[in-house]
1. Pairs needed: first member in the stretch 1-23, over 30 Å from E61 (Cα atoms); second member anywhere, modelled with pLDDT under 95 and hydrophobic (A, V, I, L, M, F, W, C); C-beta distance under 7 Å; at least 6 residues apart or different chains.
2. Please enumerate the residues belonging to the stretch 267-281 that are open to solvent by 60 Å² or more (accessible area, probe 1.4 Å) and within 21 Å of the chain's Cα centre (by Cα).
3. Determine whether I70 is in a strand (DSSP E or B) and closer than 19 Å to E242 by Cα.
4. Residues of the stretch 304-323 being within 29 Å of the chain's Cα centre (by Cα) and not in a loop (DSSP other than H, G, I, E, B), which ones?
5. Right, T145: at pLDDT 95 or above and assigned to a helix (DSSP H, G or I) or not?
6. Kindly provide the set of residues from the stretch 9-41 that are open to solvent by 10 Å² or more (accessible area, probe 1.4 Å) and touching a Pro at 6+ places or on another chain (Cβ under 6 Å), ordered by number.
7. Could you say whether any residue in the stretch 93-100 is closer than 22 Å to V241 by Cβ, outside any helix (DSSP H, G or I) and under 21 Å from the mean Cα position of the chain (by Cα)?
8. Could you please find all residues in the stretch 105-122 being farther than 20 Å from Q209 by Cβ, touching a residue at least 12 places away in the same chain (Cβ under 8 Å) and not hydrophobic (A, V, I, L, M, F, W, C)?
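The values are calculated or read from the model by the stated rules, or taken from the named source; none is laboratory data. The shown structure was predicted, so the numbers you read here are calculated from the model rather than taken from an experiment. So basically every Cβ, Gly included, is an ideal-geometry build from the backbone, and we count neighbours across all protein chains shown. These accessible areas exclude ligands, DNA and RNA; they are computed on the full protein's heavy atoms, side chains included. Shrake-Rupley method; radii C 1.70, N 1.55, O 1.52, S 1.80 Å.
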Amino acid sequence: MRHQIHDLLAPLPGTARQIHSFHFGPDKAKGKIYIQSSLHADELPGMLVAWHLKQRLTELEAAGRLISEIVLVPVANPVGLEQVLMDVPLGRYELESGQNFNRWFVDLSEEIGNEVESQLGDDPQRNLELIRTSLRNALDRHTATTQLQSQRLTLQRLACDADMVLDLHCDFESVVHLYTTPEAWPQVEPLARYIESRASLLATDSGGQSFDECFTLLWWQLKERFGEHFEIPLGSFSVTVELRGQGDVSHPVASRDCQALLDYLTHFGAIAGASKPLPELPFPATPLAGVEPVTTPVGGLLVYTATPGQHLEAGQQIAEIIDPIHDRVTPVHCTASGLLYARSLRRMATAGMVIAHVAGAEAYRSGYLLSP
């Protein structure tokens, strides 16, 4: 294992922060896997899974079973990790800018396309290496002017040439679910089976230039631009894995998730050994554009009547909003059938607040598909 320390741009003297990456695998590795956790710094189940992975990967490396390089970043957001206001962690948005830590990573698709256009040829592997080299160089040329930009660039540089990128998150209260692209789904489906994902949500471009899409979208856009003339492989695929809810931090659960990821990496060929049989897929993949963000029309005390993991019929009640002053009880229903995979932690709702997400089978939304 190699431990690397990456200094971030300090916003003020004496406030320097760092990102730590741990690199496992042989000197002449076949392929590269990148795994990070807690980019939203108050989402900690993945950090515990990463700690378990670190122990297991050390053992696998010593046993000579690692085929690919595996890069692990257990703390992907030291900036947000320190944001605690009156005993409340605030790890989703940077307080200085108000920006979501998992949005607006650098988009280099046009720059890379312009640079490689005259060099592409008939060999898809050469084209892949050419694009990766161009991407690494372009990221190195970019300079950060804020700590947040510095953190984003550091993470992109670590992951830009990986065959697979796994970004470990969680929701507020939820079952295991994941986000990836339709193009990557055949490669990701085994992960959904091993991790027992109850919802697998697919979109090529969900808006916001999130960490996972800053890689997959670049390859997809280059393929769209040059595909009629040159063979452009999808040189990287990414998955955001949502490991239940914020309170689901325990060794038994993390150990089980760690094993599921190792089973998947073995199946993928990054770890030597016989892969375990694929379990049944708990729930078929559905379009992210088919997700209904269920909102409440009024404010009041939020009392749920449905739980994460429950399949809902169209028009089924999800919650009640109680006005304790005027004794009004307002039921909240979903519009279409689907799986209730996540709901809010808050129990006092404001009018217009999103209280739950239901994965439906039919796409009906467009444009920006993510939560704020």
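1. Close Cβ pairs satisfying both conditions: A10/A16.
2. H267, F268, listed by residue number.
3. no
4. Going residue by residue through the stretch 304-323, those that are within 29 Å of the chain's Cα centre (by Cα) are 304-314, 318-319.
Residues satisfying the conditions are Y304, Q310, H311, L312, I318, A319.
5. Numbers: at pLDDT 95 or above: yes; assigned to a helix (DSSP H, G or I): no.
In short, no.
6. Of everything in the stretch 9-41, just one residue is open to solvent by 10 Å² or more (accessible area, probe 1.4 Å) and touching a Pro at 6+ places or on another chain (Cβ under 6 Å), namely R17.
7. Yes: one or more hits.
8. E117, G121, D122
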